[in-house]
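Asks: Pasting in a structure now, in structure tokens, and then I'll have a few things to ask.
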Amino acid sequence: MAQTSHPPLTLRQKLTQLWEKIATNRRLLPILLVVGLALSFLIPEFNLVNPYVQLIMMYVGINIILTLSLNLINGYMGEFSVGHAGFMAVGAYISAVLTTQIFARDLNPWLFPLAVLAGGIGAALIGLIVAIPSFKTRGDYLAIVTLAFNMIVKSVIENIEAIGGPRGIPGIPRLTTLPWVFIWTVLAVWVIRNFIYSNHGRGVLSIREDEIASDLMSVNTRKSKLLAFTLSSFFAGIAGALFAHVLQFISPKVFDILKSTDILIMVYLGGIGSIGGSILGASIFTILLELLRPLGMWRMVLMPLVLVLLMLFRPRGIMGMREFRWFVPIDDLEATRRWRARKEAGDAAASS
Amino acid sequence: MTTFLQQTLNALQLGSIYALIALGYTMVYGILTMINFAHGDLFMIGAFFCFLGATFLNLPFIPSLLLSMVGVAMLGVTIERVAYRPLRSAPRVSAIITALGVGIFLENFTLVFFPYPQSVPTLLKTVIWNIGGVTISNLQILIIVVAILMMIMLDVIVQKTKVGMAMRAISWDKSVVPLMGVPLDLIISITFALGTSLGATAGTLYAIAFPVIDPYMGILVGWKAFIAAVVGGIGNIRGAMIGGFILGIVEIMVAAFMPSTYRDFVAFGVLLILLIFRPYGILGKPRPQKV
């Protein structure tokens with residue numbers, strides 16, 4: 001056999017080439033989606049993996065929605081919202097009240113999407129209210145507003161007897177299934193990705209870089225903030241609704257500041273301003289917590305240590321400010337490529 | 001009238017604890033412009049140090065207070081050295097997330113050793129006086145007096161000593177001051193030691209007033225103290241004291257004259273309203289933004 005003149009590729013180079021092929025091949029994405037959707041139906045139908053793993057998969061999906069929606073505010077808009085569990089609570093409670101008290105029990109599987117949607121819309125309306133203080137206050141003070149919002153939501157729920165007060169709502173039917181989680185997750189990724197690369201989304205990005213400058217460049221900052229907050233709280237509400245129907249029991253305690261902290265950790269673990277990062281962060285966090293379960297109490301000690309170490313050695317998180325090429329529009333990729341080529345040409349000219 | 005006086009006293013007691021913790025937040029913020037979210041948990045560790053000293057070493061009140069202050073100050077300085085210093089030039093948010101992580105670590109680490117709420121042994125015998133229908137216990141007086149003493153001491157340190165002058169200078173400009181021969185790292189360590197030992201004092205006083213402690217007690221108290229710091233204007237030491245007392249008064253008065261479940265609701269509502277009218281807190285000054 002004829003020997004090739006090239007030196008044999010190292011494993012690393014081979015892997016890089018493979019990755020390069022996967023990352024630039026956009027046709028894979030729809031195929032993956034179809035395969036994923038089919039799997040999400042087949043797995044519960046034929047019990048391909050045990051129910052515990054299925055449960056974890058659902059949590060991964062819900063956490064991806066949560067992380068993405070918070071990343072919109074904390075990553076893309078550059079604010080520091082610490083009360084995301086509040087929006088989640090609104091969505092969870094609205095949908096749980098609908099499925100346990102208003103909808104007929106036997107119609108529940110059909111009306112479930114409506115309940116989830118209602119949860120999302122309710123949370124979005126509340127998000128509008130929270131967006132208003134963000135026009136004037138920024139930074140730490142806005143963080144306080146969102147924190148106070150989280151506490152107020154919890155406190156209000158505790159004081160309404162009709163929805164169980166501090167005892168919460170028990171006996172929620174388990175309506176969240178793997179296909180539903182998959183569909184909502186894909187929807188969330190799709191909508192948020194398209195929002196970010198739309199005009200409004202770029203307005204949101206410009207607010208992060210410099211609010212005054214973007215205002216001067218005739219970006220309607222108020223509208224962008226309003227949109228970002230509404231969209232973010234909408235998906236938080238959706239995630240809350242799905243979450244309530246997996247857990248089957250909700251109480252105000254579930255949605256306290258600790259839950260918000262969990263979401264924050266997932267966002268910063270994955271990296272701010274990155275859709276791929278959010279997906280990675282949420283998956284890694286959820287799965288790692290489960291894998292470490294044999295450690296018992298020590299896993300909760302180990303987890304924050306991992307986070308601190310990650311922040312020390314990679315302060316921007318796993319994917320901070322970078323993105324999988326699949327999620328970036330082709331025009332943007334082209335622009336980056338041209339920019340890089342020009343820069344290289346410039347560098348070469350300068351050095352010669 | 002007597003209930004009002006009684007509640008004012010309770011409010012002063014709670015407010016002084018909030019104020020002590022808020023001081024720690026505000027000092028660190030003033031110097032590093034970083035929110036030390038682990039501070040609430042250092043408060044909890046302070047309470048646990050006091051508990052350990054009282055249970056296993058049979059220490060009386062003053063030594064266990066000192067033990068807790070020194071222990072937590074050392075812990076605070078270590079945390080700053082290990083976790084915050086490498087991140088000083090990193091994006092601000094990574095430092096905040098690190099602080100959150102450190103806080104969760106402290107909570108869960110304590111939880112491993114003390115999974116159940118612990119009751120602190122009585123360090124001081126409670127004496128109750130009844131003055132015109134108002135019951136005053138010696139603990140209440142002690143808490144208020146110790147807190148106020150600590151605050152006066154801190155104020156003297158910050159306003160009158162050289163170290164305090166260096167602190168104020170660093171919070172003014174972090175890049176020029178080291179060029180004037182001020183040891184930046186040392187001053188930051190001292191700030192952390194002072195702030196966290198105040199938090200430890202608050203923890204000890206809290207453990208005496210409400211003698212059941214658990215690893216998660218620092219979360220809510222810590223966040224509330226942070227709110228107190230913001231209400232007073234974060235970075236402003238006198239503001240933190242005022243904010244702490246305001247929050248204490250609002251909470252106790254709500255609990256006294258309304259169903260107690262509304263306590264958090266009204267307290268945070270007041271905070272939001274206050275932030276609308278004074279977006280930079282009571283004593284805070286808006287920083288002019290350069291374009």
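What follows draws every value from the coordinates through simple rules; no lab data is involved. Values in this document were obtained by computation on a predicted structure and should not be read as measured data. Cβ atoms come from the backbone with ideal geometry, glycine included; neighbour counts cover every protein chain shown.
Asks: Be a star and scan region B:21-41 for residues whose amide nitrogen sits under 20 Å from the point 7 Å along the Cα-to-Cβ vector of B:M165.
Replies: Under cut-off, by backbone N: B:31.
Asks: Across the residues of B:229-235, average count of Cβ atoms on other protein chains within 10 Å?
Replies: Numbers: counts 2, 7, 1, 0, 0, 3, 1.
Mean shielding by partner chains, rounded to a whole number: 2.
Asks: With label points built 7 Å along Cα→Cβ from the Cα atoms of B:V176 and A:I160, find their separation and express it in nm.
Replies: In this crude spin-label approximation the distance works out to 5.4 nm.
Asks: If we count other beta carbons within 10 Å of each Cβ, what is the order of A:F235, A:F103, B:F277, B:F210, fewest first?
Replies: B:F277, B:F210, A:F103, A:F235
Asks: What pairs from A:K154/B:K125; A:K225/A:K343; A:K136/B:K224 go past 32 Å between their alpha carbons? Mind dumping the intermediate values first?
Replies: Numbers: A:K154/B:K125 38 Å; A:K225/A:K343 34 Å; A:K136/B:K224 23 Å.
The answer is A:K154/B:K125; A:K225/A:K343.
Asks: Per residue of B:87-97, what is the mean number of Cβ atoms on other protein chains within 10 angstrom of that residue's Cβ?
Replies: Values: counts 4, 0, 1, 5, 6, 3, 13, 10, 2, 7, 13.
Mean shielding by partner chains, rounded to a whole number: 6.
Asks: Going by average Cβ density within 10 Å per residue, which order do the peptides A:31-39, A:181-189 take, highest to lowest?
Replies: For the peptides A:31-39, A:181-189, the packing ranking is A:181-189, A:31-39.
Asks: May I pose another question? Using label points projected 7 Å from each Cα along Cα→Cβ, tell me how many nm separate A:V49 and A:I287, to one decimal.
Replies: Here the answer is 0.8 nm between the modelled labels.
Asks: Could you work out the equivalent-ellipsoid semi-axes for chain A, taking the square root of 5 times each eigenvalue of the Cα gyration tensor, largest first, in whole Å?
Replies: Ellipsoid half-lengths, sorted descending, are 37, 27, 20 Å.
Asks: Would you mind counting up the charge near A:R322? Only other residues with Cβ under 15 Å from its Cβ, with Lys and Arg at +1 and Asp and Glu at -1.
Replies: Taking every Cβ under 15 Å from that of A:R322, the sum is +3.
Asks: GNM on chain A, C-alpha springs below 10 Å: top fluctuator among A:A92, A:A131, A:A104?
Replies: Ranking A:A92, A:A131, A:A104 by mean-square fluctuation puts A:A104 first.
Asks: Given a cut-off of under 8 Å on Cα pairs at least six residues apart, what relative contact order in percent is computed for chain B?
Replies: Relative CO of chain B lands at 37 percent.
Asks: Quick check on chain B: helices-only [θ] at 222 nm, where DSSP H runs of length 4 and up contribute -39,500 (n - 2.57) each and the sum goes over total residues. Nearest 500, please.
Replies: Only helices count here, giving -24000 deg cm²/dmol.
Asks: Over all residues in A:295-307, what is the mean tally of Cβ atoms on other chains that come within 10 Å of each residue's Cβ?
Replies: The per-residue average across the peptide is 5.
Asks: Of B:L186, A:V90, B:I237, which is farthest along the charge dipole of the protein assembly as shown in the positive direction, counting Lys and Arg as +1 and Asp and Glu as -1 at C-beta?
Replies: After comparing all options, I get B:L186.
Asks: On to the next question. Of A:Y141, A:Y52, A:Y93, which has the largest mean-square fluctuation in a 10 Å C-alpha GNM of chain A?
Replies: So, out of A:Y141, A:Y52, A:Y93, the one fluctuating most is A:Y52.
Asks: Can you compute the charge dipole magnitude of region A:54-320 about its Cα centre, using +1 on each Lys and Arg Cβ and -1 on each Asp and Glu Cβ, nothing else charged? Give it in debye, rounded to the nearest 20.
Replies: Once rounded to the nearest 20, the dipole reads 180 debye.
Asks: Now for a separate question. Using every Cα-Cα pair within the protein assembly as shown, state what percent have a distance larger than 37 Å.
Replies: 40 percent
Asks: Here's another thing I want to ask about it. Is region A:312-352 rounded, prolate or oblate when judged by the Cα gyration tensor, a ≥ b ≥ c being the square roots of its eigenvalues, rounded requiring a/c under 1.5 and prolate requiring a/b larger than b/c?
Replies: oblate
Asks: While we're here: With a ≥ b ≥ c the root eigenvalues of the C-alpha gyration tensor of region B:2-277, is it rounded (a/c under 1.5), prolate (a/b larger than b/c) or oblate?
Replies: Since a/c reaches 1.5 and a/b is larger than b/c, the shape of region B:2-277 is classed as prolate.
Asks: Same structure, new question: Starting from the 7 Å offset along Cα-to-Cβ, what nm value, one decimal, do you get for the label separation of B:I157 and A:N220?
Replies: Computed distance between label sites B:I157 and A:N220 equals 5.3 nm.
Asks: In terms of the Cα gyration tensor, with a ≥ b ≥ c the square roots of its eigenvalues, is region A:240-352 rounded because a/c is under 1.5, prolate because a/b exceeds b/c, or oblate?
Replies: prolate
Asks: Based on the mean of other Cβ atoms within 10 Å per residue, sort peptides B:199-205, B:159-165 so the most packed one is first.
Replies: Highest-to-lowest ranking by the protection proxy: B:199-205, B:159-165.
Asks: A further question on this structure: Rounded to the nearest 500 deg cm²/dmol, what is the calculated helix-only ellipticity per residue at 222 nm for chain A, with -39500 (n - 2.57) per DSSP H run of length n ≥ 4?
Replies: The helix-only estimate for chain A comes to -23500 deg cm²/dmol at 222 nm.
Asks: Explain nothing, just the number: dipole magnitude of the protein assembly as shown about its Cα centre with +1 on each Lys and Arg Cβ and -1 on each Asp and Glu Cβ, in debye rounded to the nearest 20.
Replies: Values: 46 positive and 29 negative charges, 250 e Å.
Here the size comes out at about 1200 debye.
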